[in-house]
1. Looking at the chain, what strands (runs of 3 or more DSSP E) fall wholly within it and have at least 2 residues that are on the phi > 0 side of the Ramachandran plot, acidic (Asp, Glu) and at pLDDT below 95?
2. Run down LEU21, LEU26, LEU44 and say which single residue is hydrophobic (A, V, I, L, M, F, W, C) and either within 13 Å of the chain's Cα centre (by Cα) or surrounded by 12 or more Cβ atoms within 10 Å (Cβ to Cβ) (or both).
Amino acid sequence: MEKIMDIGPLTEEDLPQLLALQAELLEEAGDLDRMRALLAVIRLDPNYTLLGVKKNGCLVGALAGIVCHDLIGSCIPFMVIENVIVTDAL
């Protein structure tokens, strides 16, 4: 059976396509150089997960997951999913 989509970590090579996805959603230009710098910082933080979804090698979706520590109850960490974006072209 053929895979339809691939899910994996976002890379620096994905950033131009991520910028295009964001422009689709926000209708404003982003800053590729700033995104590259922030990706380098985020990669050093084990509490961040950045995932991309690709169809035929093209980025069609992305999300950020951030693990939060919790001091309530059993102190079990939880993940917040943010910045979910999927192209309209699907």
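1. Once the strands (runs of 3 or more DSSP E) in the chain are filtered for at least 2 residues that are on the phi > 0 side of the Ramachandran plot, acidic (Asp, Glu) and at pLDDT below 95, nothing remains.
2. Exactly one of LEU21, LEU26, LEU44 is hydrophobic (A, V, I, L, M, F, W, C) and either within 13 Å of the chain's Cα centre (by Cα) or surrounded by 12 or more Cβ atoms within 10 Å (Cβ to Cβ) (or both), namely LEU21.
The values are calculated or read from the model by the stated rules, or taken from the named source; none is laboratory data. Bear in mind the structure is a predicted one, so any value in this text is a computation, not a measurement. Reconstructed Cβ throughout: ideal geometry from the backbone, glycine too, with neighbour counts over all protein chains shown.
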